[in-house]
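**Student:** Dumping the structure here so I can ask a few things about it.
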Amino acid sequence: MTRAELDDLFRTSGAVGWGWTPYEALCSYMDEAAREKAESLCPGPRSVLAAAFSYYTGDRPGDLSLYARGRDYHLVLTERLGTVCDILRKKYPMYSFTAGADSSPLPERAAARLAGLGIMGRNGLVILPPWGSWLFLGTVLTDLPLDLPLAAPSPDCMGCGRCAAACPGGALRETSFDPERCLSHLTQKKGELPPEQADRIRTHPLVWGCDVCQRVCPYNAAPRKTELPEFREGLIDDLTPDMVEGLTNRQFKERFGDRAFAWRGPAPLRRNFALQGHAAGTDG
Ligand code: SF4
Ligand code: SF4
């Protein structure tokens with residue numbers, strides 16, 4: 001398959017960029033368990049295709065991270081990359097193609113970097129002008145050897161340091177990242193939080209996620225908006241305590257099961273609202 005044919009295929013799938021890396025090159029970024037899982041999904045893997053999908057719809061007010069306002073990206077990317085796999089399977093019936101998004105054993109950011117897809121931000125995110133870093137990454141794992149030139153790995157960002165300086169949790173440092181201080185991670189964590197982590201959520205304006213290190217990044221000054229209907233339509237910008245209070249887990253899943261903020265169930269959201277001083281019946 002030529003580069004132009006794959007360009008067309010990924011463009012049709014809604015991706016704003018794609019690249020590829022030999023599986024072997026990615027192996028050094030994977031532990032044994034991840035390699036075993038990948039090789040059980042696709043015995044004898046040869047190539048990994050990495051694709052980026054934009055979700056930016058503008059700087060809208062709300063209390064959910066921008067990525068969590070539309071349809072759950074796991075579902076969207078699995079469907080869109082599933083179609084890519086179907087087309088590749090028809091063309092190469094002797095080979096296996098497996099789509100993955102986030103829950104796959106493949107380290108997507110490392111795959112994107114090796115594939116030369118965009119720029120690597122110091123905040124750990126892939127940046128792809130003019131879309132900025134408001135991107136979801138997905139992969140296709142295959143045993144098909146690709147006969148295409150290899151791209152140079154993605155360069156690093158300009159390193160302005162604004163993301164680290166603005167990070168409200170102090171999670172991002174010059175050369176390190178501490179997930180236990182990251183508000184995105186903490187708002188999604190289950191159970192009761194240690195006092196120091198609970199305090200961080202108390203003063204955080206979002207009930208789910210954190211966009212600060214993206215908002216301050218110069219590459220995100222004027223990003224192009226997504227064209228994908230799943231991330232443009234039916235958005236939930238604001239969640240209120242009333243929307244999650246009194247629902248059983250099943251009712252919560254029925255109502256919000258197609259949303260990325262729902263994967264942990266209602267408990268972390270209720271805890272975050274309580275820490276932020278919101279009670280059901282007093283907001284929204
Ligand atoms: S998501 Fe928020 S808390 Fe986490 S690293 Fe970025 S700015 Fe810091
Ligand atoms: S804010 Fe600056 S250092 Fe951080 S990712 Fe963006 S360009 Fe890189």
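The values are calculated or read from the model by the stated rules, or taken from the named source; none is laboratory data. All figures in this text were calculated on a predicted structure; none of them were measured in a lab. Positions of Cβ are backbone-derived with ideal geometry, glycine not excepted, and every protein chain shown enters the neighbour counts.
**Student:** Please count how many residues of the stretch 120-133 are free of Cβ contacts under 8 Å to residues at least 60 places away in the same chain and away from ligand 1 (no atom under 14 Å from the Cβ).
**Tutor:** Result for the stretch 120-133: 1.
**Student:** Additional query: Conditions first: (1) within 16 Å of ligand 2 (Cβ to nearest atom); (2) within 27 Å of Asp258 (Cα to Cα). Pro168 passes all but one, so which condition is the exception?
**Tutor:** Just one mismatch for Pro168, condition (2).
**Student:** I would also like to ask the following. For Arg173, indicate whether it is within 16 Å of ligand 2 (Cβ to nearest atom), within 21 Å of Ile119 (Cβ to Cβ), surrounded by 17 or more Cβ atoms within 10 Å (Cβ to Cβ) and of a type in the set (D, E, K, R).
**Tutor:** no
**Student:** Now for a different question. Tally time: how many residues in the stretch 134-160 are within 16 Å of ligand 1 (Cβ to nearest atom) and over 22 Å from the mean Cα position of the chain (by Cα)?
**Tutor:** Final tally of qualifying residues: 1.
**Student:** Output the residue which, of all residues in the stretch 125-144 that are of a type in the set (Gly, Ala, Ser) and either more than 22 Å from Cys27 (Cα to Cα) or at pLDDT below 95 (or both), is farthest from ligand 2 (Cβ to nearest atom).
**Tutor:** The qualifying residue farthest from ligand 2 (Cβ to nearest atom) is Gly132.
**Student:** Okay, moving on. Which pairs turn up if I take residues in the stretch 198-220 that are more than 14 Å from Gly170 (Cβ to Cβ) and outside any loop (DSSP other than H, G, I, E, B) and look for partners that are within 16 Å of ligand 2 (Cβ to nearest atom) and β-branched (Val, Ile, Thr) with beta carbon separation below 9 Å, at least 6 apart in sequence or on another chain?
**Tutor:** Final answer for the pair search is Tyr219/Ile119; Tyr219/Ile127; Asn220/Ile127.
**Student:** Surrounded by fewer than 16 Cβ atoms within 10 Å (Cβ to Cβ), modelled with pLDDT of 95 or more and away from ligand 1 (no atom under 14 Å from the Cβ): is that true of Ala198 in this structure?
**Tutor:** Criteria met by Ala198.
**Student:** Would you check if Val76 is within 13 Å of ligand 2 (Cβ to nearest atom) and touching a residue at least 24 places away in the same chain (Cβ under 8 Å)?
**Tutor:** Spelling it out, it is not the case that Val76 is within 13 Å of ligand 2 (Cβ to nearest atom) and touching a residue at least 24 places away in the same chain (Cβ under 8 Å).
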